[in-house]
Structure formats: structure tokens, C-alpha cells
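A.B. asks: Input: one structure, supplied below.
What follows draws every value from the coordinates through simple rules; no lab data is involved. Just so we're clear, the structure is a prediction, and the values are computed from it rather than from any experiment. Cβ coordinates were reconstructed from backbone atoms using ideal geometry, including for glycine residues, and neighbour counts include every protein chain displayed.
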């Protein structure tokens with residue numbers, strides 16, 4: 001069987017329902033990092049489980065030490081390929097709440113975009129595959145392959161339970177290829193297949209000084225201010241050329257090969273337009289590399305949050321007792337998060353001002369990944385995306401991290417396809433997250449055609 005014109009027509013006719021179902025799912029505030037949202041996170045898992053079960057798939061809600069995972073599978077077909085669709089139903093926190101035009105869990109359509117937390121990361125994108133499989137089965141046509149789903153509730157907090165459980169799930173999740181839509185198109189109207197992701201290492205750095213906040217008039221000039229000490233430490237970690245200053249940080253970094261650099265140079269990157277799209281006057285990054293090279297294939301250091309002293313209205317003239325920073329490092333293939341941790345600790349030991357003490361707490365880390373660019377699954381995806389979007393996709397890497405992908409490669413021994421339908425300005429992790437409605441529909445269509453194309457492989 002194939003993705004017939006009848007099925008594709010049915011997908012188009014079902015577009016209003018597809019949109020309403022996505023909005024229904026988005027209304028559930030499934031913030032995995034917020035312990036007060038435990039019930040809502042579970043509700044979001046039940047929603048997608050019910051959707052899959054209603055289409056006739058075998059469904060299991062698998063408990064973890066945290067939030068549950070939803071597993072589903074269509075009937076096995078002898079001799080046919082097996083694909084595992086991975087995604088997540090948990091979402092990022094919504095702060096700063098005041099910057100949202102509409103409530104983050106009040107899905108709103110404006111100018112052809114659907115605004116809500118989770119719209120593109122990842123409810124909207126993973127639902128494209130859910131909708132295509134459910135509608136295919138509802139049409140009365142059997143799928144030409146077996147599709148399995150694993151939709152978890154802890155991707156935004158590092159997928160630690162899934163990573164821990166993955167070896168014991170090896171047989172259940174066995175597949176020829178993992179399909180993941182949690183990335184993006186290269187640009188508006190230019191879809192992409194992502195073959196590389198950066199890894200990640202995240203931390204909280206605390207600098208402690210006096211035993212309590214001090215009067216800045218009585219004690220200023222006599223003690224080291226922890227907030228100033230923290231700023232000095234953070235500033236020492238990167239030079240003015242965008243190079244991270246940790247010992248040995250670049251020792252394992254692979255240089256880009258000339259073919260990759262040439263391919264990326266041919267992409268329609270416009271630095272001025274890119275800067276304007278994110279509201280900055282000028283871009284910044286490591287010298288000697290293009291913007292795409294820096295975003296996709298070079299390691300970075302960023303400060304994600306700072307806390308110290310008086311945060312309320314008005315002035316409170318104190319020397320704070322403590323200062324804290326949230327840090328993240330995006331890593332490239334071959335870099336080891338544990339080695340990065342050791343390098344940070346060595347740097348802090350060497351550069352910490354006198355009179356204060358530092359403490360580094362590691363959160364989560366994962367290496368980067370690279371996938372094959374010439375596999376039969378990539379060729380199948382090329383055909384499916386070109387058919388749905390009208391444009392042949394380009395091959396890119398992405399700067400974000402999906403920590404579990406590398407583990408899928410290691411444990412399941414399978415190919416990986418990263419097919420992103422979102423756009424760079426979709427505000428994932430930021431206020432006013434969105435997903436273009438038309439790209440949601442195109443994603444559903446591409447997904448349906450993909451099952452047809454993979455089903456032809458043997």
C-alpha cells in the first residue's frame with residue numbers, strides 16, 4: 001500500500017481537526033521541571049496515549065522514577081522496516097510570564113502562527129507523526145511498515161530516566177531507524193535534514209562570601225563582593241574573540257572538513273537578516289568561522305541566569321553574601337562532559353578571587369552526535385520532504401542538544417533521522433513560542449509520505 005491520493009486528500013480534509021487537537025494538547029501545562037505540575041504532566045501523557053490507542057495502536061504508559069513515557073506500536077509486518085518515532089510531551093518553563101502576548105497555555109493563532117508553550121518544542125512537531133499514523137490507520141489502509149512511538153516527559157530536564165532505562169528497553173524499541181522532529185528548517189521555505197547535534201553540559205556555580213549580607217557603607221572596600229567575584233570568574237571563561245578559556249577545552253574538537261564548509265557556504269545565510277530576526281545590532285562569536293559554523297559545529301559557553309543580592313523594587317545597599325550563576329556549554333562530537341567539568345573546576349581554582357569560596361554543581365551532560373548523510377533513510381526523507389514542501393531539503397547540523405539521540409545510536413544500533421518542521425524564530429524556550437500552522441500541516445503530509453517511502457526499502 002502507499003500514501004495514496006485518497007489518504008493525502010483525507011489529511012487535507014482533516015486539517016481543522018488536526019489543529020484543534022494540537023491546541024487541546026497545548027492547553028495542558030506539562031512543565032516537567034516544575035514539581036507543582038506533576039498532575040498536568042501526567043495528563044499530557046494520557047492525552048497522547050488516548051490519541052494513539054483510539055487509532056488502534058497498542059499503547060503502554062511506562063512509569064519511571066519521574067514522569068511517565070508513552071510507548072505505542074502498530075502491528076508488525078514481516079519483512080518490512082521498523083521505525084521508532086521519538087519525541088517529548090514536556091515543555092519548558094514559561095518565565096518571564098509578562099512577556100507573553102497571550103497566556104502560554106492559551107493557544108492563539110495570529111498571522112498564520114499558533115502561539116503556545118510547546119507549539120514547536122515538541123508537541124506540535126511530534127504530533128505531525130502521530131496524526132499521519134492515526135489517519136493512515138483510520139483510512140482503512142494498513143501501514144507499509146511498523147511504526148513505534150516513544151514519547152517521554154523528561155526531555156527538557158535531561159532524559160535521565162529514559163537514558164537509565166534504555167538498555168532494558170532495547171528489545172522493545174528495536175528498530176531500523178529513529179525519526180525525531182525536534183529541530184527546525186534551515187530557513188523559511190527551506191526544509192532541512194539535520195545530521196549533527198551539539199552536546200551539552202550544564203551547571204550551577206555558587207560564590208559565597210560573608211556569613212550574611214553586609215551594609216555596603218560599613219563594609220564596602222573591606223571585603224570581596226561575591227557578585228563582583230562571580231562576574232570576574234565568568235568574564236575569565238571567554239576572551240574578547242569568543243574563545244572559551246578552559247584548559248584543554250578545544251583538544252578534542254574536530255575541525256570541519258573542507259567539503260562541509262563548502263556545502264554550508266552555499267546556504268543562503270544572511271548575517272544582517274539573522275541579526276535583525278533576533279533583535280541584535282551585531283553578531284558575535286569565535287573568530288575564523290561563519291555564523292552557521294559557530295552555531296552548529298563549534299563549542300560554546302553561555303551564562304543562562306544570574307542571581308545575587310537585592311532583586312526587589314528600589315535600592316538596598318548591601319554586599320550580598322552569595323551570588324549564583326546557571327551555566328551551559330554546548331559541546332561538539334568527541335568532547336566529553338566529564339572532562340569539561342574537570343576543566344571548569346581547574347579554571348575556578350586558578351582564577352577565584354581571594355576572600356570568597358566557589359561551589360560547582362553539575363546538572364546534566366551529554367555528548368554531541370553525528371549521523372550518516374547518505375543512508376537509505378536520508379534518501380527516503382529527501383523524497384518525502386520534497387513532495388510535501390515542494391523543495392528538496394538541505395543537510396545541516398544544529399546547535400541544540402537532544403541528549404538521548406547519541407544513546408539511541410549506541411544502544412539500539414540504528415540510523416537516526418532528524419526532520420525539523422519549525423523555524424529559527426519560533427521562540428523555543430522563550431516567551432511567545434510559536435509554530436506556523438502551514439508547516440504543521442506540511443509536516444503531517446511529509447510524515448505520511450515518509451512511511452510510504454521507507455516501506456519501499458528492503
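A.B. asks: Using alpha carbons only, how many angstrom separate the centre of the stretch 1-46 from the centre of the stretch 314-349?
C.D. replies: 38 Å
A.B. asks: Still on this structure: Let me make sure I get this right: for the stretch 312-396, a, b and c are the square roots of the gyration tensor eigenvalues over alpha carbons, sorted descending. Under 1.5 in a/c it's rounded, otherwise prolate if a/b > b/c, else oblate. Which is it?
C.D. replies: On the way: a/c = 5.56, a/b = 2.22, b/c = 2.50.
It is oblate, given that a/c is not under 1.5 and a/b is not larger than b/c.
A.B. asks: What is the order of 4, 35, 401, fewest Cβ neighbours within 10 Å to most?
C.D. replies: Neighbour counts put them in this order, fewest first: 35, 4, 401.
A.B. asks: Can you tell me the order of 196-208, 168-180 when each peptide is scored by its average per-residue count of other Cβ atoms within 10 angstrom, highest first?
C.D. replies: 196-208, 168-180
A.B. asks: Counting each DSSP H run of 4 or more residues in the chain as -39500 (n - 2.57), what helix-only mean residue ellipticity at 222 nm follows after dividing by all residues, to the nearest 500 deg cm²/dmol?
C.D. replies: One gets -10000 deg cm²/dmol as the mean residue ellipticity at 222 nm.
A.B. asks: Relative contact order for the stretch 1-72: what is it in percent, counting Cα pairs under 8 Å that are at least 6 residues apart?
C.D. replies: Answer for the stretch 1-72 is 20 percent.
A.B. asks: Okay, next question. Stretched out fully, how many nm does the piece from residue 174 to residue 46 gain, at 0.36 nm a residue minus the Cα gap?
C.D. replies: Full extension of this stretch gives 43.7 nm more.
A.B. asks: Moving on to the next point. Neighbouring Cβ atoms within 10 Å as the yardstick, rank 352, 134 fewest first.
C.D. replies: Exposure proxy ranking, most exposed first: 352, 134.
A.B. asks: Assign one of three labels to the stretch 1-150, namely rounded, prolate or oblate, based on the Cα gyration tensor with a ≥ b ≥ c the square roots of its eigenvalues; rounded applies when a/c is under 1.5, prolate when it is not and a/b is larger than b/c, and oblate otherwise.
C.D. replies: oblate
A.B. asks: Defining a contact as two alpha carbons under 8 Å apart and six or more residues distant in sequence, what relative contact order in percent does the chain show? Please list the in-between numbers first.
C.D. replies: Working: 927 pairs, mean separation 120.6, N = 458.
Averaging sequence separation for qualifying contacts and normalising by length gives 26 percent for the chain.
A.B. asks: On to the next question. With a ≥ b ≥ c taken as the square roots of the eigenvalues of the C-alpha gyration tensor of the stretch 299-359, please select rounded if a/c is under 1.5 and otherwise prolate if a/b is larger than b/c or oblate if it is not?
C.D. replies: Values: a/c = 4.40, a/b = 1.83, b/c = 2.41.
It comes out oblate by the Cα gyration axes.
A.B. asks: What distance in nm lies between label points placed 7 Å from Cα along the C-beta direction at residue 287 and residue 35?
C.D. replies: 4.8 nm
A.B. asks: Give the distance, in whole Å, between the Cα centre of the stretch 67-110 and the Cα centre of the stretch 398-458.
C.D. replies: Here the answer is 11 Å between Cα centres.
A.B. asks: In percent, how large is the relative contact order of the stretch 262-420, given Cα pairs closer than 8 Å and 6 or more residues apart? Please report the intermediate quantities before stating the final value.
C.D. replies: Details: 125 pairs, mean separation 30.2, N = 159.
This gives 19 percent for the stretch 262-420.
A.B. asks: Quick one: order 308, 211, 159 by neighbouring beta-carbon count within 10 Å, fewest to most.
C.D. replies: 211, 308, 159
A.B. asks: Identify the residues of the stretch 268-296 with backbone N under 14 Å of a label point that sits 7 angstrom from the Cα of residue 239 along the Cα-to-Cβ direction, or state none.
C.D. replies: Residues passing the 14 Å test: 286-288.
A.B. asks: So, one more: Hey, rough spin-label estimate for residue 383 and residue 351, points 7 angstrom out along Cα→Cβ, what's it come to in nanometres?
C.D. replies: 5.3 nm
A.B. asks: Here is a further query. Given a Förster distance of 51 Å, report the FRET efficiency between residue 111 and residue 216 from their Cβ-Cβ distance, rounded to the nearest 0.05.
C.D. replies: The value I calculate is 0.55.
A.B. asks: Between the alpha-carbon centers of the stretch 161-215 and the stretch 222-241, tell me the distance in whole angstrom.
C.D. replies: Value for the Cα centre distance between the two parts: 28 Å.
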